[in-house]
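Notes to accompany the following structure.
The values are calculated or read from the model by the stated rules, or taken from the named source; none is laboratory data. Here the structure is a predicted model, which is why all the values come from computation and not from measurement. Ideal geometry is used to build each Cβ from the backbone, glycine not excepted, and the neighbour counts take in all protein chains shown.
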Amino acid sequence: MTKENETTKSYNIAPGPKMGVVTPEFLETIAAVARRHAIPLLKITEAQRFALIGHDPEQVAQIWQELGQEAGPQKPVGIHYIKACPGEKWCKYGRKDSLAMGEKMGAALLSMPLPAKTKVGISGCPMNCCESFVRDLGIFGKKNGWSLVFGGNGGGMPRIGDIIAENLSDEEAIRLAERCLQYYAANARKKERTARFMERTDLETFKEAVLSK
């Protein structure tokens, strides 16, 4: 993502990594690029990405090239990233493999056209470190499977999402996530986030539509 700062007329770039997972090589590349271009500020974003902030717009294409990545997402709406915690493999509290689920969700959902910006949070246990209840689409793991939450928001008008179903397998959670987003895409207003959509949508009607397929 490249974004202009209206105050300083500088730009920022937010390259990967996926779900915040980095390698030593990636960190070395980030450090080298930041030094080479005299980047004044590096920041880890809420989306688990690195922001390189304060460079000139003329440097954008060269920086992306040196990072070895394609330019950031150009689509104005939809899912741009999926946030996930370490999960059961790396956390003693984890009940499900959130990183593996994040990969599966990304393959299934990232290309979907949606009415507005959509955030996804995947937590490996009910402690919800990735704040699944305040994401447009959230899932969290329990011993018996995944719980899927829809319609959350943590911004200026926060909303706790609704639990749509529980005890789901990986495949069931992915299929249900697709159905929830499809129903939202078909019925939401332009640029209407899921939280506002769910506030005006009868929950039982929504559940009947996405669970009966």
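A compact table of results
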| item | result |
| --- | --- |
| Residues located in region 33-58, provided they are out of contact with any Phe, Trp or Tyr (no Cβ under 7 Å at 6 or more places or on another chain), free of Cβ contacts under 8 Å to residues at least 40 places away in the same chain and either of a type in the set (A, V, I, L, M, F, W, C) or farther than 24 Å from Glu131 by Cα (or both) | Val33, Ala34, Arg35, Arg36, His37, Ala38, Ile39, Pro40, Leu41, Phe50, Ala51, Glu58 |
| Identity of the residue in region 112-143, among the small types (Gly, Ala, Ser) and more than 16 Å from Cys180 (Cβ to Cβ), that ends up surrounded by the fewest Cβ atoms within 10 Å (Cβ to Cβ) | Gly141 |
| Tally, over region 148-181, of residues that are of a type in the set (S, T, N, Q) and under 17 Å from the mean Cα position of the chain (by Cα) | 1 |
| So Ile63, is it of a type in the set (Val, Ile, Thr) and closer than 30 Å to Ala188 by Cα | no |
| Any chance Ile30 is surrounded by 12 or more Cβ atoms within 10 Å (Cβ to Cβ), in a helix (DSSP H, G or I), hydrophobic (A, V, I, L, M, F, W, C) and at pLDDT below 85 | no |
| Any pair with Cβ under 7 angstrom, 6 or more apart, that starts in region 129-150 at a residue that is modelled with pLDDT under 95 and ends at one that is buried (at least 24 other Cβ atoms within 10 Å of the Cβ) and of a type in the set (S, T, N, Q) | Cys129/Ser123; Cys130/Ser123 |
| Close pairs (8 angstrom Cβ cut-off, 6 or more residues apart or separate chains): free of Cβ contacts under 8 Å to residues at least 60 places away in the same chain in region 184-196, β-branched (Val, Ile, Thr) and buried (at least 17 other Cβ atoms within 10 Å of the Cβ) anywhere | Asn187/Thr201 |
| Conditions (1) within 13 Å of the chain's Cα centre (by Cα); (2) within 19 Å of Leu211 (Cα to Cα); number of the one not met by Gly145 | (1) |
| Residue count for region 126-149, restricted to those that are more than 14 Å from Lys83 (Cα to Cα) and touching a Phe, Trp or Tyr at 6+ places or on another chain (Cβ under 8 Å) | 5 |
| Matching residues in region 140-185 - criterion: being assigned to a loop (DSSP other than H, G, I, E, B) and out of contact with any helix residue (DSSP H, G or I) (no Cβ under 8 Å at 6 or more places or on another chain) | Lys143, Asn144, Gly155, Gly156, Ser169 |
